[in-house]
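Here the structure is laid out as structure tokens; the discussion comes afterwards.
The values are calculated or read from the model by the stated rules, or taken from the named source; none is laboratory data. Source: prediction; values computed, not measured. We place every Cβ from the backbone using ideal geometry, glycine too, and count neighbours over all the protein chains shown. Calculation scope for accessible area: heavy atoms of the full protein, side chains included, ligands and nucleic acids excluded. Shrake-Rupley method; radii C 1.70, N 1.55, O 1.52, S 1.80 Å.
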Amino acid sequence: MGGQVSIDENVYVVIVGGGFGALRASVQAGFAKQTFMPYKETFGLNFLQGRVIQIDNTEMQTVVLDNGKQVRYSHIILCTGTSGQSPGKHNSVDTYQSAIQKYEDFVKVIQEANTVVVVGGGTTGVEMAAEIRTEFTNKNVILIHPREEVADPDLLHSVKEQAKQVLLEKGVELLLGNDLACQGSACMAENGALKVNKHLQVEGFDSVYAVGACADLDEPKLAYHAGLHAAVAATNIINSLTGKSLTSYRTGNVTMLIAMGKDAGVGQFNGYKLPRFLVTKGKSQSLLLWKSWREMGQKAPN
């Protein structure tokens, strides 16, 4: 959890959450250290590690951590993501080294398995299945999905078909239109996302904003969109303090890049299908991690 104190001593902006998923860390040995960034080095004393157990929206306006510490806020931005499970989402409070080790241990589990079954063929499931077959070409990988089409429903049909083709090329066995997947993933559709207005304020709370996957917006849950949300939320906090009108967030044509292992990828930009080689070079090879390290003002480890 990070907080940034503005020039006005009465303004305390608290940001809850700050992670993103990189499925390759659970498949490729040594990759986890590329995805866990030490926030303390960037934010210094403005960074606090802990689990939020309560947000007091009364006049006190405080965030309470599991260690009992209370943090005052004038504005709060919630970036807690979805309720997904490990390894796609790291849910425990860990040290930097402990978190990395957990992913290295998971890699060993994949290494020792003869067959890996991925339940759910949305974007995350597609990426996971492709990553495993890319890293371990001798593994049997089975993807089970309730629909005949894979990846995000909002993608162009041609992009979804291309994603299916890449999976088949990599040797992933597809069990599509299978009701078993519905039983396992039905509860995930109702992820408890926060209702927000057009300014990304949580309904009923002018000083509380939600960005990223935890916001109830009709668009794919992507880091790209979370960045757009963050810009709107930050601008609106400043505008609310300076008496200016709040800006609105509007969903547009879907932009999505799907990394299907380091040697393949499919996607679309602003509603237009992209060539596979462009997605592979632009995202799949590096997962754009260099961009995150640069934004944090740090150098990525070797």
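Quick notes on this structure:
- The chain, accessible surface, carbon-and-sulfur percent (1.4 angstrom probe): 53
- With all protein chains kept in place, the per residue accessible area of the stretch 24-88 amounts to 55 square angstrom at a probe of 1.4 angstrom.
- Among the DSSP helices (H) of the chain, those spanning at least 27 angstrom by Cα along their long axis with an average Kyte-Doolittle hydropathy of 0.0 or more are 223-242; this is a geometric and hydropathy rule only.
- The listed peptides 195-204, 118-127, ordered by packing as a protection proxy, come out as 118-127, 195-204 (highest mean of other Cβ atoms within 10 Å first).
- Shape analysis of the chain yields a ratio of the Cα radius of gyration to the Kirkwood radius, Rg/Rh, of 0.98.
- For the chain, share of DSSP beta bridges that run antiparallel, in % to the nearest 5: 55
- Of the Cα atoms belonging to the stretch 216-294, the radius of gyration and Dmax stand at 15.7, 50 Å.
- Across the cross-link table entries Lys102/Lys291; Lys40/Lys195; Lys164/Lys262; Lys195/Lys291; Lys33/Lys139; Lys33/Lys160, which are compared at the Cα atoms, the separations over 28 Å belong to Lys40/Lys195; Lys195/Lys291; Lys33/Lys160.
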